[in-house]
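Comments concern the structure below.
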Amino acid sequence: MPLHPEAAAFLEQIARQKAHAIETVPVEITRRAAALGNSASADPPTLAKIKNLCIKRPDGTDLSVRIYVPNGPRPFGVCLYFHGGGWVLNSIDTHDDLVRRLAATSGCVFVNVEYRLAPEHKYPAAVEDAYTALCWVHEHAQEIGCDPRRIAVAGDSAGGNLAAAVCLMSRDRQGPKIGFQALIYPITDCDFERPSYRENGEGFFLTRREMKWFWNHYVSSPEQMREPYASPLLASSLRDLPAAWILTAEYDPLRDEGEAYADALRAAGVDVTLHRYEGMIHAFVRRVEQFDTAHKVINEIANELQTAFSRASMMGSE
């Protein structure tokens with residue numbers, strides 16, 4: 001398909017800004033620009049409660065989370081959310097509007113995780129934070145009005161990578177059972193030669209150069225890029241992982257690795273729904289003001305979560 005009109009308009013807006021490429025300026029400047037460029041929507045959804053908490057890492061340091069409680073009867077299903085930004089940029093604030101909408105639309109509690117960023121905190125710090133948050137949610141589920149048998153994870157881009165990786169980690173460590181994973185244009189591999197990188201690596205918002213820059217900030221060595229908690233697609237086994245819903249975008253450099261991960265999960269016996277959004281680019285889902293299509297994605301994720309949690313409730317009552 002040709003570029004979607006919403007994507008074309010967004011790219012024209014970006015081109016007019018004539019911003020410096022992120023790999024040419026200091027990280028802190030890029031982070032400030034990303035924060036300033038984030039604006040809340042004019043009609044944020046109403047929730048029963050939003051609460052900021054600090055939970056403890058195994059070493060006793062604080063890990064911040066933001067909990068979004070929807071209206072409705074308890075106990076809720078609960079979904080941990082990991083924001084995108086190449087493991088280097090963004091925060092729970094940049095993705096606050098998206099997570100609010102997901103909580104309100106799905107009727108599930110969402111826990112937005114402020115994982116540590118690279119390059120100050122290299123891999124596997126972010127994945128370990130994701131796992132710490134997962135264990136905390138499982139242990140404290142009843143305190144936040146949730147059912148510990150109904151836990152999901154979700155994330156976009158690098159956050160989708162963390163969601164996929166924490167599923168592997170929890171399986172490997174025999175940790176809390178995750179019932180569902182929603183991966184929005186996830187990073188699953190470190191192969192910059194895939195066709196989608198060649199086709200979409202320049203001119204469609206996220207670039208091939210930027211992805212190399214993100215990876216170089218995230219890992220301490222090229223060898224780490226191929227570890228399964230960094231590149232889930234390269235795991236020796238994908239068996240016994242949660243059912244997955246995976247979104248890819250046609251004009252995204254990450255398209256092919258997301259679809260390859262869906263294929264690999266299916267081959268391992270995992271139930272997978274793959275939805276390629278034709279004509280779309282990377283990072284459109286959290287920009288609800290520029291992309292009406294983002295609302296469709298939010299509704300789709302909400303429906304998938306409701307279905308997954310309904311199945312978990314039925315199994316738990318047997």
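Yes or no, residue by residue, for (1) farther than 19 Å from Leu80 by Cα; (2) in a loop (DSSP other than H, G, I, E, B):
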position: Leu238; (1), (2): yes, yes
position: Tyr251; (1), (2): yes, yes
position: Arg266; (1), (2): yes, no
position: Val285; (1), (2): no, yes
position: Asn299; (1), (2): no, no
position: Ala312; (1), (2): no, no
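Of the residues Ser106, Ser91, which single one is buried (at least 22 other Cβ atoms within 10 Å of the Cβ) and polar (S, T, N, Q)?
On the way: Ser91 fails: buried (at least 22 other Cβ atoms within 10 Å of the Cβ).
Just a single option satisfies the conditions, and that option is Ser106.
If I filter the range 220-234 down to residues being part of a loop (DSSP other than H, G, I, E, B) and of a type in the set (S, T, N, Q), which single residue comes out as most open to solvent (accessible area, probe 1.4 Å)? Working first, answer last.
Here is the first cut: in the range 220-234, the ones part of a loop (DSSP other than H, G, I, E, B) are 220-221, 227-231.
Next, only the ones that are of a type in the set (S, T, N, Q) stay: 220-221, 231.
Details: Ser220: 82, Ser221: 35, Ser231: 0 Å².
By that ranking, first place goes to Ser220.
Can you give me the number of residues within the range 268-318 that are among the aliphatic types (A, V, I, L, M), modelled with pLDDT under 95, over 23 Å from Glu250 (Cα atoms) and out of contact with any strand residue (DSSP E or B) (no Cβ under 7 Å at 6 or more places or on another chain)? Steps first, please.
Taking the range 268-318 as the starting set, the residues that turn out to be among the aliphatic types (A, V, I, L, M) are 268, 270, 272, 274, 280-281, 283, 285, 288, 294, 297-298, 301-302, 305, 308, 312, 314-315.
Subsequent filtering for residues that are modelled with pLDDT under 95 retains 288, 312, 314-315.
Next cut, over 23 Å from Glu250 (Cα atoms) only: 312, 314-315.
Okay, now just the ones that are also out of contact with any strand residue (DSSP E or B) (no Cβ under 7 Å at 6 or more places or on another chain), so 314-315.
Counting residues in the range 268-318 that are among the aliphatic types (A, V, I, L, M), modelled with pLDDT under 95, over 23 Å from Glu250 (Cα atoms) and out of contact with any strand residue (DSSP E or B) (no Cβ under 7 Å at 6 or more places or on another chain) gives 2.
Within the range 113-146, track down each residue that is touching a strand residue (DSSP E or B) at 6+ places or on another chain (Cβ under 9 Å) and either of a type in the set (Phe, Trp, Tyr) or open to solvent by 10 Å² or more (accessible area, probe 1.4 Å) (or both). First the steps, then the outcome.
Of the residues in the range 113-146, the ones touching a strand residue (DSSP E or B) at 6+ places or on another chain (Cβ under 9 Å) are 113-116, 126, 129-130, 132-134, 136-142, 144-146.
Scanning the range 113-146 gives Glu114, Tyr115, Arg116, Thr132, Trp136, His138, Glu139, His140, Gln142, Ile144.
I'm checking my understanding of the structure. Among residues of the range 236-278 that are of a type in the set (Ser, Thr, Tyr) and surrounded by 22 or more Cβ atoms within 10 Å (Cβ to Cβ), which one is farthest from Phe291 (Cα to Cα)? Show your work before the answer.
Filtering the range 236-278 down to residues of a type in the set (Ser, Thr, Tyr) leaves 236-237, 248, 251, 261, 273, 277.
From what's left, surrounded by 22 or more Cβ atoms within 10 Å (Cβ to Cβ): 248, 251, 261, 277.
Numbers: Thr248: 15, Tyr251: 15, Tyr261: 26, Tyr277: 12 Å.
Looking at the filtered set, the residue picked out is Tyr261.
Scan the range 59-84 for residues that are under 19 Å from Pro45 (Cβ atoms), in contact with a Leu (Cβ under 9 Å, 6 or more places away or on another chain) and open to solvent by 40 Å² or more (accessible area, probe 1.4 Å) and jot them down.
Passing the criteria: only Asn71.
Please verify whether Ala15 is under 27 Å from Arg276 (Cα atoms), at pLDDT 95 or above and not acidic (Asp, Glu), treating the condition exactly as stated. If you could, list the steps in order and put the result at the bottom.
Numbers: under 27 Å from Arg276 (Cα atoms): yes; at pLDDT 95 or above: no; not acidic (Asp, Glu): yes.
No: the conditions fail for Ala15.
Quickly run through the range 158-179 and pick out the residues that are open to solvent by 10 Å² or more (accessible area, probe 1.4 Å) and either of a type in the set (A, V, I, L, M) or not in a helix (DSSP H, G or I) (or both). Give the derivation first.
Step one: filter the range 158-179 for residues open to solvent by 10 Å² or more (accessible area, probe 1.4 Å), giving 171-179.
Listed by number, the residues that qualify are Arg173, Gln174, Gly175, Pro176, Lys177, Ile178, Gly179.
Under 8 Å by Cβ, and 6 or more places apart or on different chains, what pairs join a residue from the range 55-72 that is in contact (Cβ under 8 Å) with a residue 40 or more places away in the chain and farther than 15 Å from Ala130 by Cα with one that is in a loop (DSSP other than H, G, I, E, B) and open to solvent by 10 Å² or more (accessible area, probe 1.4 Å)?
These pairs meet every condition: Tyr68/Leu47; Val69/Leu47; Val69/Ala48.
For the range 198-215, give me each residue that is more than 20 Å from the chain's Cα centre (by Cα) and not in a loop (DSSP other than H, G, I, E, B).
Going residue by residue through the range 198-215, those that are more than 20 Å from the chain's Cα centre (by Cα) are 198-203, 209.
The answer is Arg198, Glu199, Asn200, Arg209.
Can you tell me how many residues within the range 112-146 are in a helix (DSSP H, G or I) and not acidic (Asp, Glu)?
Summing the residues that are in a helix (DSSP H, G or I) and not acidic (Asp, Glu) in the range 112-146 gives 14.
Going through the range 31-51 one residue at a time, which ones are open to solvent by 90 Å² or more (accessible area, probe 1.4 Å) and in contact with a strand residue (DSSP E or B) (Cβ under 8 Å, 6 or more places away or on another chain)?
So the first thing to find is which residues in the range 31-51 are open to solvent by 90 Å² or more (accessible area, probe 1.4 Å), and the list is 32, 36, 42-43, 46, 49, 51.
Once the filter is applied, which keeps residues that are open to solvent by 90 Å² or more (accessible area, probe 1.4 Å) and in contact with a strand residue (DSSP E or B) (Cβ under 8 Å, 6 or more places away or on another chain), the range 31-51 yields Lys49, Lys51.
State yes or no: is Asp191 surrounded by 22 or more Cβ atoms within 10 Å (Cβ to Cβ), more than 30 Å from Ala312 (Cα to Cα) and among the acidic types (Asp, Glu)?
Details: surrounded by 22 or more Cβ atoms within 10 Å (Cβ to Cβ): no; more than 30 Å from Ala312 (Cα to Cα): yes; among the acidic types (Asp, Glu): yes.
No; evaluated as a whole, the condition is false for this residue.
Taking the range 171-197, which residues are of a type in the set (A, V, I, L, M, F, W, C) and farther than 14 Å from Met225 by Cβ? Talk me through it step by step, then tell me what you get.
Step one: filter the range 171-197 for residues of a type in the set (A, V, I, L, M, F, W, C), giving 178, 180, 182-184, 187, 190, 192.
If the condition is that a residue be of a type in the set (A, V, I, L, M, F, W, C) and farther than 14 Å from Met225 by Cβ, then Ile178, Phe180, Ala182, Leu183, Ile184 are the ones that fit.
The values are calculated or read from the model by the stated rules, or taken from the named source; none is laboratory data. Quick caveat, the model's predicted, so the values are computed rather than measured. Virtual Cβ from ideal backbone geometry, glycine too; neighbours counted across all protein chains shown. What goes into the accessible areas is simple: the full protein's heavy atoms, side chains included, and nothing from ligands, DNA or RNA. Shrake-Rupley method; radii C 1.70, N 1.55, O 1.52, S 1.80 Å.
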